[in-house]
Each structure stands twice: as structure tokens, then as C-alpha cells.
Amino acid sequence: MERPAPAAHTVDARGRFCPMPTLLAALTLEKMRPGDILELHGDDPSTRRDLPAWCVESGHRFLGFGDAPAASFVARIQKS
């Protein structure tokens, strides 16, 4: 099994609600190089819907969600 590439940047958006997690991801991705991976830690259920849709609109590659403790999640995005 192939290990996922390490994240170049991590954003902790736990405790923040829509649209802040997506906005924090967008601002961080602006500073990253193409191909770099962002990990966003969040707990807002609407982010699970909004973030993949935003990636499609913005052209970034959504790599998926992973579970984290206490009903939170980790989203991985690769900058286009």
C-alpha cells in the first residue's frame, strides 16, 4: 500500500464554521507551490460538503477526508 505524500502545510480550522475553513484553505493554498499538499483539520459538518465542491470550482485536487479524534476530520488538498 502506498503511503500518502506528506503535507506541506497544515491548517487547524477546528471550532470554526462555514465559510471560515474553506477561506483558510484558500488563503493557505495561495502561498503554496503547485503539487504541495494541504491538510485541513476541521469539525464543521458543512465543510465536508463545501470543501470538495470548492476544490472543483477552484481547480485544486481534493484528495479526501480522514477521520480524527472527537468527531473531527482531516481533509487533504493538492494545490493545482
Exercise for review: Could you please let me know if PRO6 is open to solvent by 80 Å² or more (accessible area, probe 1.4 Å) and in contact (Cβ under 8 Å) with a residue 24 or more places away in the chain?
Suggested key: yes
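Let's see how each residue does on (1) β-branched (Val, Ile, Thr); (2) open to solvent by less than 20 Å² (accessible area, probe 1.4 Å); (3) assigned to a strand (DSSP E or B):
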site: GLU39; (1), (2), (3): no, no, yes
site: ASP44; (1), (2), (3): no, yes, no
site: ARG49; (1), (2), (3): no, no, no
site: VAL56; (1), (2), (3): yes, no, no
site: ALA70; (1), (2), (3): no, no, no
site: ALA75; (1), (2), (3): no, yes, yes
Quiz item: Got at least one residue in region 22-32 being open to solvent by less than 90 Å² (accessible area, probe 1.4 Å) and touching an Asp or Glu at 6+ places or on another chain (Cβ under 7 Å)?
Solution: yes
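The values are calculated or read from the model by the stated rules, or taken from the named source; none is laboratory data. It should be emphasised that the depicted structure is a prediction, and the values quoted were computed from it without experimental measurement. With ideal geometry, Cβ positions are generated from the backbone for all residues, glycine too; neighbour counts draw on all protein chains shown. Heads up: the accessible areas ignore ligands, DNA and RNA and are worked out on the full protein's heavy atoms, side chains in. Shrake-Rupley method; radii C 1.70, N 1.55, O 1.52, S 1.80 Å.
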